[in-house]
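To start, the structure itself, in structure tokens.
The values are calculated or read from the model by the stated rules, or taken from the named source; none is laboratory data. These figures come from a predicted structure and were not determined experimentally. Note: ideal-geometry Cβ built from the backbone for every residue, glycine included; neighbour counts use all protein chains shown. Surface areas here come from the heavy atoms of the whole protein model, side chains and all, with no ligands, DNA or RNA. Shrake-Rupley method; radii C 1.70, N 1.55, O 1.52, S 1.80 Å.
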Amino acid sequence: MSMLTPPGMGGKYRITGDVYPRMRRPHRRRRIVLASAAAVVVLGAAGWGTLQLVDVFSGGDDTRKTTAGKQADCKPAPAPSATPATAAKPPKPAQVTVNVYNATPRKGLAKATADELKKRGFAIGKIGNAPAAYDKKVTGAGLLLGAPAATKGSFAVLGTQLAGATTKVDARTTADVDLIIGTAFKALSPKATADAALVALNKPKPAPTRC
């Protein structure tokens with residue numbers, strides 16, 4: 001083999017003059033490199049586009065940060081300033097004087113109801129048949145009748161003892177309250193139920209949450 005024979009030719013080509021065999025590098029490697037680079041570009045573009053779509057539909061980081069900030073800033077709203085009407089607690093049963101009247105044809109309801117209310121701590125005033133204006137004209141379980149001031153506490157306290165009782169004000173100036181028993185009356189609310197209602201009546205309401 002001549003020293004001028006290119007390596008790897010195995011003696012097939014021999015340089016004899018100024019004409020040399022043309023050596024070409026294979027193109028397969030170049031094609032593989034170009035295809036790999038193109039695949040990387042396509043995948044990168046697809047990933048970026050997906051992130052953009054997710055960001056658009058989810059509102060972006062700013063929306064998430066804003067929502068999280070609002071939740072963190074949620075605080076109970078300050079309670080309204082107390083006024084004489086709202087600051088006063090409901091009276092205790094012993095502070096409520098109840099007149100019990102029977103507006104039904106059944107006998108003995110006024111006395112029996114008054115006795116039970118007395119056991120539950122209420123002060124009892126008059127007991128008897130309902131006045132003509134209400135006799136046999138109260139169709140519900142009962143009617144609570146009193147001065148306008150009774151709406152600020154006495155009606156609510158006495159109302160815990162008889163579910164379904166309605167209220168009405170009249171021109172009296174005294175603090176007593178009438179319980180007029182109606183035709184739908186069966187019995188006072190069970191004592192346990194009435195006691196629970198009294199407890200709930202004396203609990204302050206929590207301040208609403210403001211965001």
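Can you tell me which residue among A192, A150 is open to solvent by 70 Å² or more (accessible area, probe 1.4 Å), among the aliphatic types (A, V, I, L, M) and out of contact with any Phe, Trp or Tyr (no Cβ under 9 Å at 6 or more places or on another chain)?
Working: A150 fails: open to solvent by 70 Å² or more (accessible area, probe 1.4 Å).
Criteria check complete, one pass: A192.
For the range 189-203, filtering for residues that are modelled with pLDDT of 95 or more and touching a Lys or Arg at 6+ places or on another chain (Cβ under 8 Å) leaves 2.
The condition of being without any contact (Cβ under 8 Å) to a residue 12 or more places away in the chain, assigned to a loop (DSSP other than H, G, I, E, B) and basic (K, R) holds for R106. Consider the range 170-188 and keep the residues that are of a type in the set (A, V, I, L, M, F, W, C) and open to solvent by 70 Å² or more (accessible area, probe 1.4 Å). The one that is nearest to A132 (Cα to Cα) is A171.
Can you tell me which residues in the range 92-140 are within 19 Å of L198 (Cβ to Cβ) and among the aromatic types (F, W, Y)? Passing the criteria: only F122. When L117 is tested against (1) modelled with pLDDT of 95 or more; (2) in a loop (DSSP other than H, G, I, E, B), just one condition goes unmet, and that condition is (2).
Scan the range 118-138 for residues that are surrounded by fewer than 21 Cβ atoms within 10 Å (Cβ to Cβ) and either under 37 Å from the mean Cα position of the chain (by Cα) or under 14 Å from A94 (Cα atoms) (or both) and jot them down. Within the range 118-138, K118, K119, R120, G121, A123, I124, G125 qualify.
Determine, yes or no, whether T167 is assigned to a strand (DSSP E or B), more than 12 Å from T97 (Cα to Cα), among the polar types (S, T, N, Q) and without any contact (Cβ under 8 Å) to a residue 40 or more places away in the chain. Answer is yes for this residue.
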